[in-house]
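Since the structure comes first, as structure tokens, the remarks are kept for the end.
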Amino acid sequence: MASSSLLATPLHPSNTTPVATASGLLALLSESDPSLVSHALSRLLSVVDTLWHEVAECLPDLEAIAEGGDVADDVMDDDGVAAASRPSIAHDLPTRQTAAAVASRVFFHLEEPVQALRLALESGEEHFDIRRGKGSMYVERLVNAAVETYVTRRAAEWEGSG
């Protein structure tokens, strides 16, 4: 799972107070203010390698944000309005990319490299750059997953044409 090399080189160094639990940040993902969601995702990205087990519970929400959707919220909001009747929140590209990066890291820790790779590619170069991440276990595993997928597809094509 998480290695000391991953933890020794945080994805985004943070000068703020360490986070012991992700629950408060995860709660912000369902907020209607896009700036709060963006802030929560940035903080989650800085702690996901240590708190991935908590963040994993919100993978559907992270994927929904990454895909440009809204977080599912089956409860009433503070005004007593059902979430389904609230207007959808439009997240900007950097927010969607950060959500993809967080979800990718969680899938990496869950040992789901194909899903991690899919989301890493959606996260953009700011979050997934194989030149900057050279030597990190995360990047190495995702590059291996890409090569394995390529080899498998090419072998299937070759067998199908012969």
>> Counting only other residues whose beta carbon sits under 13 Å from that of residue 146, what net charge do I get with K and R as +1, D and E as -1?
In response: +2
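Quick one: if the Förster radius is 22 Å, what FRET efficiency do residue 111 and residue 155 give, using the C-beta to C-beta distance and rounding to 0.05?
Result of the calculation: an efficiency of 0.45.
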> Relative to a virtual label point 7 Å from the Cα of residue 21 in the Cα→beta-carbon direction, which members of the range 36-60 show backbone nitrogen distances below 13 Å?
Replying inline: 54-55
> Hey, rough spin-label estimate for residue 136 and residue 56, points 7 angstrom out along Cα→Cβ, what's it come to in nanometres?
Replying inline: 2.0 nm
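Laboratory data are not the source of any read-out in this text; all were calculated from the coordinates shown. Owing to the predicted nature of the structure, the values given are computational and were not obtained by experimental measurement. Note that each Cβ is placed from the backbone with ideal geometry, even for glycine, and that neighbours are counted across all protein chains shown.
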